[in-house]
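Quick notes on the structure that follows.
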2 protein chains.
Amino acid sequence: MRASRYLIATQKETPNDAVVISHQLMLRAGMIRRLSSGLYTWLPTGLRVLRKVERIVREEMDRAGALEVLMPVVQPAELWEESGRWQQYGPELLRIQDRHDNPFCLGPTHEEVITDLIRTEVSSYKQLPANFYQIQTKFRDEIRPRFGVMRAREFTMKDAYSFHLNADSLQETYDVMHDAYCRIFDRIGLDYRPVLADTGSIGGSHSHEFHVLAQSGEDDIAFSTVSRYAANVELAEAVAPAGERPAPSKEMAELHTPGQKTIAALEEAYGIAANSSVKTLIVLGETEEEGAEAPLVALVLRGDHDLNELKAEKLSGVASPLQFAPEARIAAELGCGIGSLGPVGMKIDVIVDRAAAHLADFVCGANKDDYHLTGVNWERDVAIARVEDLRNVVAGDVSPDGQGVIEIKRGIEVGHIFQLGNKYSKAMNATVLDENGKEQVMVMGCYGIGVSRVVAAAIEQNYDDAGIIWPEAIAPFQLAIVPINMQKSEAVTQKCEHIYEALTAKGIDVLLMDEPKARLGAMLADAELMGIPHRIVVGDRGLESGKIEYKGRRDSENSEFSADQIVEILLSKIAH
Amino acid sequence: MRASRYLIATQKETPNDAVVISHQLMLRAGMIRRLSSGLYTWLPTGLRVLRKVERIVREEMDRAGALEVLMPVVQPAELWEESGRWQQYGPELLRIQDRHDNPFCLGPTHEEVITDLIRTEVSSYKQLPANFYQIQTKFRDEIRPRFGVMRAREFTMKDAYSFHLNADSLQETYDVMHDAYCRIFDRIGLDYRPVLADTGSIGGSHSHEFHVLAQSGEDDIAFSTVSRYAANVELAEAVAPAGERPAPSKEMAELHTPGQKTIAALEEAYGIAANSSVKTLIVLGETEEEGAEAPLVALVLRGDHDLNELKAEKLSGVASPLQFAPEARIAAELGCGIGSLGPVGMKIDVIVDRAAAHLADFVCGANKDDYHLTGVNWERDVAIARVEDLRNVVAGDVSPDGQGVIEIKRGIEVGHIFQLGNKYSKAMNATVLDENGKEQVMVMGCYGIGVSRVVAAAIEQNYDDAGIIWPEAIAPFQLAIVPINMQKSEAVTQKCEHIYEALTAKGIDVLLMDEPKARLGAMLADAELMGIPHRIVVGDRGLESGKIEYKGRRDSENSEFSADQIVEILLSKIAH
């Protein structure tokens, strides 16, 4: 592409309304423009990236055996009534009426439409498994669209739906799709993790989210430094520390700690390390009969660990949702303030976290205001009736799969695969005849990739002060040719045109910055802002000494290469 | 693609609700399924065709220098208010409200959005001309969607918009786009015509429609048998017959024709050929002052020709819209019934059609009930004051460009290019600074192709009793391999797999019909119904004698080719 026939549309100023870096850089690099809240036009540079992502997704879906279809954006309400979602779905589902006042919606997802199609087209188990995908425009009427295309109202999504006779067949396709997703994000060149996800109220089934690791992510992801284990921090299992609990080496003693009510205060005042003390939290337990007062339950964690409320409220005997006990009730029933609680002599049920249960010679509250106990040991000083996983994992924990230790980073969700079971097929009566001629409700999986969001996520992970740094596979252009005084120098023109033609013929996406009167500095800044992975500068002075200047987008310094061999050198550097 | 991993979804029965052949065949060939009125899901076979059309369109738009962008489906009302179309556009514009009750619409077209973008991004004449296109989902809430994807509510369209400093620049881009459209429809392999179109109320500027010629078309297209001239019949100029008007050879005489009031009656009763008589129609002229009665005007055409009302009402002196004079007024002012009118002695203004003006020795009414005149000649018997083009062209007329003669066929509009002028740019104040630093309103062109409609139109032009006959460039598959007893014969399996792998490796789209238990007749019928251009049958009996059966989709008979050389033979027949 020649810049003189292109719309570069870069901007120097950071737009006021853009908060995250990808949104800022997509506007500044001339990739998108805002039409209205949550609605964006993709300019040529942005669309080139989007299409490259689409192509990789399409190739891998085809390879995985999924068949491409295209379903309408506008969907009839009657199908959503059938599945029950017409009532359940919130105002993100934009409901509309056509000229005859018939109700429709703009599709935020297509489970109903595909299930309706498949129940008509597929009648025998012999036609299963079946897997269909589309790359298509979706609409979700977000209450507060933000972060550019990261959370837009209209966006491009790849959604796939698979249909099966049974759960084993679903698991097979699920595994194939899991691998396809890994190939997609590998090929795009992203640092990502397939993350075990909560299956929520649908329950029971398998689900993975695919997260691109980036500071601006909205989720905390815990993953192994060694293996492929990864999970949302809230869901990651905190395993017991390795080895046996150390043997007691100190005697239990009372310590007078007037006014000291927190782990931090104890550390500051007495040099007691947080990881050798425990904290005791009092929550409500399950009531045995309706109307009765809930009993209290004590949760004991290591001083440096945080309670994971999701884990706690899933435990038997603990009220769900989790509720902390009122201070007044604690004082009345346990006889001290919340800063002086401890397991020794505790009159209510105690649940101890795995890490806290592994401590020896620890410090805890004495259940008496202004006193703590030191040198406390389980079994010897206090019985330990129940040990559970109560806490959030932290960096350095042993990975739950036993391989490596946990690291935690923020992640942007770009994909989600999900074993739906028969939620939709049952509601919509999507059945096939099995080997015995008996009707069976099909089992379903669904598999999404936020194609436009991938573009933003790739930027969140790859940028510097000068702009975007594209992974080569999705760069809008792979090479920028920057001429100095192209209009005045026949030699520069010839050289640039030669390189441009030679590389374009090899299928490389080249941007020849041939705009008359463009300043060198501005061209270099544009090429960097746009994140073009390779760049050469062609000028008379260099050509006179047979040299052309080269810089990779991640290089800190320029290199010089032979002008005569530049085409071969570039071909060796650039994927084609 | 292996049929065992594909969704063929063919149907034997012609669906009740499908009227036109393309709709019937798209359903029967498993290309589309109806979701709701005017809303269709594209199944894998249909989508393969749609994507091939898209690719050709995209390649030619890129070649023409247009830049691809992607604008939202959902558009804010405020832009449509600015252009004035929020009020003007009928209920085809589906108006919706988001969760905050802000008004939006589903885009039937994108003039407003692109004009808004360009007025922001383009500020100098140096950035012009600029030409942007997208291939995108459109919505028009048709009152009566019909003919499947031919007139659907949601459809895929390629729309392009160009921006210019002046009309000359627009004309240049318009010509480039005209040629690109010809290349697109040539490459797809359609019999089409670029047709001069009415520019309607926008006026003045150039416009062409691209019509695929097919019986089921909704428009009559007149085109030259020799040159590229083509126009809507209503707009095609009817030129004067070649040569001089013949000299008179008969005397004018009165003929008593009791009760004969039509050209057909004269022909039947007296053997007077329609093309040697004239008919005289009385219409209202323009009133000179308001409230005054309109004068009468006589229009004279050859007996076998039809009045073109659009042409007549555009003439000075004729009322627009055209109104025929009441019979009572004709009788009162002209002294005879409408079956006996003629130019000789006519007391009102007479306008003569070019073909009628070329007659000698013709027959006409005598302006006296039950009498006609024969042997009438212009100039000698009756003055001829004004000659105009008044009639519809007919097959056999000389083409207006002087090359060949006119032929008339029905056409399906699949493309439209249009010089918009400043309609949108003026209303929305889209200006640039010219060479002198003066603000100039940009001049615009727009260019559409109904991508999904092209698929249907291609079928309307290419089918037979067995099904679709795809042009090779857009066929869902280029070759069908039909095995006989694949499951039982190792030789058949090996041969089929070999051919499949060899041709797929060359980029040819092959459908290997490998479904266990599929009957030969059903496979052959599917391959024909789906319109696959090439087909081979591989069976043990043929292989034993070293032969494979081949049939092109348009061939009437099977051929036999060497089994050993079949790959080379197919490569020579199939585009790759």
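Coordinate-derived values only; no laboratory data. None of the values given here were measured: they were computed from a predicted structure. Please note: Cβ atoms are built from the backbone with ideal geometry, for glycine as well, and neighbour counts cover all protein chains shown.
For the range A:334-411, the list of trypsin sites (Lys or Arg not before Pro) that fall in a loop by DSSP and count at most 12 other C-beta atoms within 10 angstrom reads A:K347. From its DSSP helices (H runs of at least four residues, each -39,500 (n - 2.57)), chain B gives a residue-normalised ellipticity at 222 nm of -7500 deg cm²/dmol. Note on the range A:88-175: Rg/Rh from C-alpha atoms, Kirkwood Rh, equals 1.06.
Every pair of different Cα atoms in the range B:265-328 enters the Kirkwood calculation, which places the hydrodynamic radius at 13.1 Å.
Convex hull volume of the C-alpha atoms in the protein assembly as shown, normalised per residue: 282 Å³. When chain A is turned onto chain B, the axis of that turn runs closest to one Cβ of chain A, and that residue with its distance in whole Å is A:I96, 2. Residue ranges A:262-268, A:127-133 sort as A:127-133, A:262-268 when ordered by packing (mean number of other C-beta atoms within 10 Å per residue, highest first). Using Cα-only point scatterers and the Debye equation, what is log10 of I(q)/I(0) for the range A:167-250 at each q in 0.20 Å⁻¹, rounded to two decimals? Calculated log10 I(q)/I(0) at the listed q: -1.05.
Listed by Cβ neighbour count within 10 Å, with the fewest neighbours leading, A:M513, B:M1 appear as B:M1, A:M513.
Evaluated on the range B:268-383, the Kirkwood hydrodynamic radius is 14.6 Å, with distances taken between all distinct Cα atoms.
Value of Rg to Rh for the range B:211-313, rounded to two decimals, is 1.05; Kirkwood radius and Rg both from alpha-carbon coordinates.
Inter-copy label distances at B:A332, shortest first and taken from points set 7 Å along Cα to Cβ: 10.6 nm. Sorted from greatest to least, the principal axis extents spanned by the alpha carbons of the range A:415-460 come out as 53, 20, 13 Å.
When each of A:I143, B:I348, A:I532 is scored by the number of other beta-carbon atoms lying within 10 Å, the sequence from fewest to most is A:I143, B:I348, A:I532. Straight Cα distances below 16 angstrom link B:K368 to the aspartates and glutamates B:E254, B:E327, B:E333, with same-chain residues fewer than 8 positions distant left out. Each label point was placed 7 Å from the Cα along the Cα-to-Cβ direction; for B:E172 and B:A395 their separation is 4.4 nm.
A point 7 Å from Cα along Cα→Cβ stands in for A:S562, and the other copies hold the same point at 4.9 nm, listed in rising order. For a paramagnetic label modelled on B:V19 (point 7 Å from Cα along Cα→Cβ), amide N atoms under 16 Å away belong, within the range B:134-176, to B:142-153. Sorting A:321-327, A:412-418 by average packing, meaning the other beta carbons within 10 Å per residue, from highest down gives A:412-418, A:321-327. Each copy carries B:G90; placing its label point 7 Å along the C-beta direction from Cα gives inter-copy distances of 4.1 nm, listed from smallest up. The H on the amide N of A:A563, modeled in the peptide plane, is under 5 Å from the matching H of A:K547, A:I548, each at least 5 residues off or on a different chain.
Given their separation in residues at 0.36 nm each and the Cα-Cα distance between them, A:L310 and A:S545 gain 77.8 nm when the chain is fully extended. Among A:279-287, B:523-531, A:77-85, A:14-22, the peptide with the highest mean count of other Cβ atoms within 10 Å heads the list, and the full ranking is B:523-531, A:279-287, A:77-85, A:14-22. Neighbouring Cβ atoms from other chains, within 10 Å of the Cβ of residues in B:30-42, number 5 on average.
Its Cα gyration tensor gives the range A:335-397 an equivalent ellipsoid; the semi-axes, largest first and in whole Å, are 20, 13, 13. The angle between the Cα long axis of helix A:451-461 and the longest principal axis of the Cα atoms of chain A comes to about 80 degrees, rounded to the nearest 10. Computed from the Cβ-Cβ distance with R0 of 35 Å, the FRET efficiency linking A:N558 to B:K506 stands at 0.20. On a 0 to 90 degree scale, rounded to 10, what angle separates helix B:490-505 from the longest Cα axis of chain B? In chain B, helix B:490-505 runs at an angle near 60 degrees to the longest axis.
Peptide B:525-534 has a mean of 0 when you count, residue by residue, the C-beta atoms of other protein chains within 10 Å of its C-beta.
Sorted largest first, the spans of the alpha carbon positions of the range A:439-576 along the three principal axes are 79, 32, 26 Å. At an R0 of 22 angstrom, the distance between the Cβ atoms of B:D369 and B:T262 translates into a FRET efficiency of 0.95.
Projected over every direction and averaged, the convex hull enclosing the alpha-carbon atoms of chain A yields 36.4 nm². Counting Cβ atoms of other protein chains within 10 Å of each residue's Cβ and taking the mean over peptide A:92-98 gives 5. Pairwise Cα distances in the range A:53-106 exceed 18 Å in 50 percent of cases.
Spacing of the modelled spin labels on B:R380 and A:K517, each 7 Å from Cα toward Cβ, amounts to 7.3 nm.
Distance between the modelled labels on B:S37 and B:L571, one decimal in nanometres: 5.5 nm (7 Å Cα→Cβ projection).
Here the calculated FRET efficiency for A:H100 and B:D219, from their Cβ-Cβ distance with R0 = 30 Å, stands at 0.65, rounded to the nearest 0.05. Residues A:H208, A:H576, arranged from fewest to most other Cβ atoms within 10 angstrom of their Cβ, appear as A:H576, A:H208. Only one residue of B:L299, B:I469, B:V405 has its Cα farthest out toward the positive end of the dipole of chain B, where Lys and Arg carry +1 and Asp and Glu -1 on Cβ, and that residue is B:I469.
Helix A:520-529 axis versus longest C-alpha principal axis of chain A: approximately 40°, rounded to the nearest ten.
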